[in-house]
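Take a look at the structure below.
No value in this document is a laboratory result; all are computed from the given coordinates. Quantities reported herein were computed from a predicted structural model and do not represent experimental measurements. Here the Cβ is made from the backbone with ideal geometry for all residues, glycine too, and neighbour counts use every protein chain on show.
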Amino acid sequence: MDDSTRISRRGVMKAGTGIALASALPVQAAGEGAADTVLWYDSPADEWVQALPLGNGRLGAMVFGGIANERVQLNEDTFFAGSPYDGTNPKAGAGLPRVRELIWAGKYKEAQDLADEVLVARPQRQMSYQPIGDLMLLFQGIENSQSYRRSLDLDGAVASTRFKVRTVTHLREVIASAPDRVIAIRLSTDAPKGSVTVNISLTTPQDAEVMVEGDDTLVMRGIGPAQHGVPGGIRFETRVRVQRTGGRQTTGRDGIRIEDADEVVLLVATATSYRRFDDIRGDPSAIVRADIAAASAKGWQALLAAHQADHRKLFRRVAIDLGRSPAADLPTDQRIARSGELDDPALAALYYQFGRYLLIASSRPGTQPANLQGIWNERTAPPWESKWTLNINAEMNYWLADAANLGELVEPLLRMTKDLAITGQRTARNDWGARGWVAYHNTDLWRQATVNSSAIYGMWPMGGAWLLNTLWDHWDYSRDRAFLAELYPLMASSCRFYLDALVPHPRTGELVMNPSNSPENSHHPGVSICAGPAMDSQLLRDLFTHTIAASELLGDDPALRAEIAATLAKIPPDRIGKAGQLQEWFDDWDMDVPEINHRHVSHLYALYPGEQITLQRTPELAAAARRTLEIRGDDATGWGIGWRINLWARLEQRERAYKVLQMLLQSSRTYPNMFDAHPPFQIDGNLGGAAGIGQMLMQSHSGIIHLLPALPRRWPSGHISGLRARGNIGVDLRWAEGRLVEAILTADNGGPARVRSGDAIVELALRKGDRVRLTPYPGGLRTTRLAG
Ligand code: FUC
């Protein structure tokens, strides 16, 4: 670092003259869009939840759209506190049988207290996701601006800020490019020359130093913090390369100063030393140098073109139109603030596409899975550590993916599960003396697979099963055998854990998990620990059934298959309780619990995302699930509401699903930038809510593709194209006056398909490549085969 000059807070400075880089003046913004896939505002963001998110799966940026002061808050998805560690509690092996005995004896409080001592990890809490810092742009010569507009174009994946100062229009555009691994920013005007004067600097809450290297590069280098006694170990480096056309450039105390440039392009690269949960020997400096070198050779236009082609390949697969009213012309924050009073069907469509946008921006093959906040976090102590919560949130983040034609974005979840299948073996052995692997209700970058936080929340050994069932769904949609072959060993190993861990219930002999809980819900004041809650059985029925099916498909492990089948037969069935509700626990405690309106509806897993309960095949259980939903009530956290939309849609309660969606879209559950409000911000509500909108329009489960199962009155006419159904089938829909006009199915695999619209059902024998049009006639569905 000999050629660098320190300009950190303590800083010194060095002056230099930049080399002017030729690039054309912009004629037009890259993507301010007038279309219905744009979020826009008429004033800058005052708060983080008003700023606009960009992401390439790994790098995140929140753009504030300031006029004289612009802040671009930066994240990198592997930047966490701590370093590789093993939190397993050495007392677990001896302690677990005692916890179990206390539960059988009905001494739940004692059992939970003991679990806190002998099972909960040391340290108890996991490591938190960290912000990298902020790129700060301080502009000069900008007073009395007019005609302000900032926007996020979901189709172009560009954040733009535009305003006028006297006769000159200023335009700032930001992208986060996946193909070129940088965040790129262009500052331009429509003046013929010299209107960009800006100071560029980096700040960070981390232990880091900031320097200028050469005369055109800012470098910030640091290390992540220690937490809960685990030393900080992840090194990171951010580089900002400044490219300008015209004007002058100096370096100084506050970073790099550009005066009177025609145009400026900033390239921002960030990397960390993280390679895997047990390896942080990467070289962030080498990575960002290479990223910056490659991106600087390209120029803005080529970067933008590559970025948009890459993004649109995913984003443009689905188009949605739920109708349009004049409300759609209002700024986005006003639409959200007034969503209760306005008739604004396009807001739901925007929410759906925003969910797809967020998943594209926060989960790409090779990156970390979307965490509780996707990849966007400005705090060093974020809520719930902004990590992965496995008792609903991480799975919910992926409910949207396959049906919304973004199936390949599930890959990071598979990789995280592979990691957990390694670390989780340690815990399975340590805590249960079992084969296979276990994961509990949270994990972090270090893939902790331990009971964590405290037993009331964490004593839930079902994280692996839910992850695997979520990943199975990706197979079921895509029918990608290579994916199944990667998934199957993780399933088989997880089954071995449960085969060893399940124990007979003393009253019935049925096989149950003990200890466990029904996520986060107390059955008696202050205690959630129990044996055999309904959700355990539901998750295990799915895991076991899927593993048997996968082993048959792949021709593996007949002996294991037989063992699983024998155990499956002894898993308790779902039961209906004394209020007619679907019973949440092994005992019928449901009506006497401290929080009757609890946010989690874990035992409704079987209705959604599972398919064990359906209106057609298990009408009594479906009625009980409905009763449970009524008792629980619709109001909940953002993700809790998101889940309820999907559940009501599965119950085909169209107006109820719509009502709950409206609850999600109001400002208590949706921030001005459209981020979901738990509160605080959690991305699960966005992705689960968008999945719910999808479930209202098309469902595929239990062997049926159901068209418009929960279309509300307020969306009388519209269309959606590019959806996916299980079995690798494409679905396009058009409707008018509340009725299906036509559906087009595209078979990418072939095979039998049953399609339902209203009361009409048709059976199709599809060949690979078939395109079939379905049109309703009184009492039925007409099928027409379309040419290739
Ligand atoms: C679960 C939920 C909370 C929150 C947290 C991240 O524990 O019960 O509401 O979403 O995850």
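Shown in residue order for region 520-534 are the 3J(HN,Hα) couplings computed by the Karplus curve 6.51 cos²θ - 1.76 cosθ + 1.60 at θ = phi - 60°: 6, 9, 7, 8, 9, x, x, 10, 10, 4, 6, 10, x, x, 4 Hz (x for Gly and Pro).
Counted residue by residue at 0.36 nm each, then reduced by the alpha carbon distance between them, the extension gain from residue 560 to residue 146 reaches 142.0 nm. Computed from Cα positions, the angle between helix 638-650 and the longest principal axis of the chain comes to roughly 50 degrees. Given H placed 1.01 Å from N in the peptide plane, which residues other than close sequence neighbours of residue 121 have an amide H under 5 Å from its amide H? Distant-sequence amide H within range of residue 121: 451, 452, 453. Centroid-to-centroid, using Cα positions, region 255-314 and region 584-611 are 47 Å apart.
So if I place +1 on the C-beta of Lys and Arg and -1 on the C-beta of Asp and Glu, and nothing else carries charge, what would the dipole magnitude of the chain be about its Cα centre? I want it in debye, nearest 20. Intermediate values should be presented prior to the final figure.
Values: 86 positive and 90 negative charges, 189 e Å.
Rounded to the nearest 20 debye, it is 900 debye.
Here the 3J(HN,Hα) profile of region 545-561, calculated from phi with Karplus coefficients 6.51, -1.76 and 1.60 at θ = phi - 60°, is 4, 5, 5, 4, 4, 5, 5, 5, 4, 8, x, 9, 6, x, 5, 4, 4 Hz, Gly and Pro shown as x.
Taking only C-alpha pairs under 8 Å that are 6+ residues apart, what is the relative contact order of region 301-366 in percent? Write out the running numbers ahead of the final one.
Values: 33 pairs, mean separation 22.8, N = 66.
This gives 35 percent for region 301-366.
Diagonalising the gyration tensor over the Cα atoms of region 309-417 and scaling each eigenvalue by 5 before taking the square root yields semi-axes of 28, 19, 12 Å, largest first.
Here the dipole of region 132-216 is about 620 debye; that uses its Cα centre as origin and unit charges on the Cβ of Lys and Arg (positive) and Asp and Glu (negative). Non-local lysine pairs in the chain, meaning eight or more places apart or on different chains, with alpha-carbon distances under 27 Å, amount to 14. In the chain, the DSSP-assigned H stretches of four residues or longer account for a calculated mean residue ellipticity at 222 nm of -9000 deg cm²/dmol, using -39500 (n - 2.57) per stretch and the full residue count as denominator. With the highest mean first, a sort of the peptides 544-556, 204-216 on other beta-carbon atoms found within 10 angstrom per residue produces 204-216, 544-556. Going by the alpha-carbon gyration tensor, a ≥ b ≥ c the square roots of its eigenvalues, is region 502-545 rounded (a/c under 1.5) or, if a/c is not under 1.5, prolate (a/b greater than b/c) versus oblate? The shape class here is oblate. Along region 583-590 the Karplus relation, 6.51 cos²θ - 1.76 cosθ + 1.60 evaluated at θ = phi - 60°, assigns HN-Hα couplings of 6, 7, 10, 4, 9, 7, 8, 3 Hz to successive residues, with x for each Gly and Pro. When the charge dipole of the chain is built from unit charges on Cβ atoms (+1 for Lys and Arg, -1 for Asp and Glu) and taken about the Cα centre, the candidate among 366, 696, 784 whose Cα reaches farthest toward its positive end is 784. Extension gain, residue 761 to residue 193, is 197.9 nm, computed as 0.36 nm per intervening residue step minus the present C-alpha separation. Taking Lys and Arg as +1 and Asp and Glu as -1, the other residues whose beta-carbon sits under 15 Å from that of residue 506 total +1. Footprinting exposure proxy ranking of 574, 278, fewest other C-beta atoms within 10 angstrom first, gives 278, 574. Along each principal axis, taking the top coordinate minus the bottom one, the Cα set of region 425-500 gives 39, 22, 20 Å in descending order.
In region 632-788, the alpha-carbon atoms span a convex hull of 116 Å³ per residue. A Stokes-Einstein calculation at 20 °C with viscosity 1.002 mPa s, built on the Kirkwood radius of region 175-259 over Cα pairs, returns a diffusion coefficient of 143 µm²/s.
Run through every distinct alpha carbon pair of region 688-762 and return the Kirkwood hydrodynamic radius in angstroms, one decimal place. Can you show the working numbers first?
Working: mean 1/r = 0.0799 Å⁻¹.
Every distinct Cα pair counted, the radius reaches 12.5 Å.
Take each peptide in 527-540, 762-775, count the other Cβ atoms within 10 Å of every residue, and average; sorted highest first, the result is 527-540, 762-775. Please give the direction-averaged projected area of the C-alpha convex hull for the chain, in square nanometres with one decimal. Seen from a random direction, the Cα hull of the chain projects 33.1 nm² on average. Look at where the Cα atoms of region 176-249 and of region 420-468 average out, and the two centres are 38 Å apart.
Checking the a/c ratio against 1.5 first, then a/b against b/c, what shape does the Cα gyration tensor give for region 77-132? Since a/c reaches 1.5 and a/b is larger than b/c, the shape of region 77-132 is classed as prolate.
Shape verdict for region 526-609, please, from the Cα gyration tensor: rounded (a/c under 1.5), prolate (a/b greater than b/c) or oblate.
Values: a/c = 2.92, a/b = 2.53, b/c = 1.15.
Prolate.
Under 5 Å from the amide H of residue 373 lie the amide H atoms of 683, each residue being 5 or more positions distant or on a separate chain, with H modelled from the backbone and absent for Pro and chain starts.
Sort the following peptides by mean Cβ neighbour count (other Cβ atoms within 10 Å, averaged over residues), highest first: 704-716, 300-312.
Numbers: 704-716: 21.1, 300-312: 17.9.
Highest mean packing first, the order is 704-716, 300-312.
The ratio of the alpha-carbon radius of gyration of region 461-559 to the globular-protein estimate 2.2 N^0.38 Å is 1.19.
Can you grab the distance from the C-alpha centre of region 343-391 to the C-alpha centre of region 51-121, Å, no decimals? Computed from Cα coordinates, the inter-centre distance equals 17 Å.
What is the dipole size for region 210-337, taken about its Cα centre, with +1 at each Lys and Arg Cβ and -1 at each Asp and Glu Cβ, in debye to the nearest 20? Present the calculation step by step, with values, prior to reporting the outcome.
Working: 19 positive and 17 negative charges, 93 e Å.
Dipole about the Cα centre, nearest 20: 440 debye.
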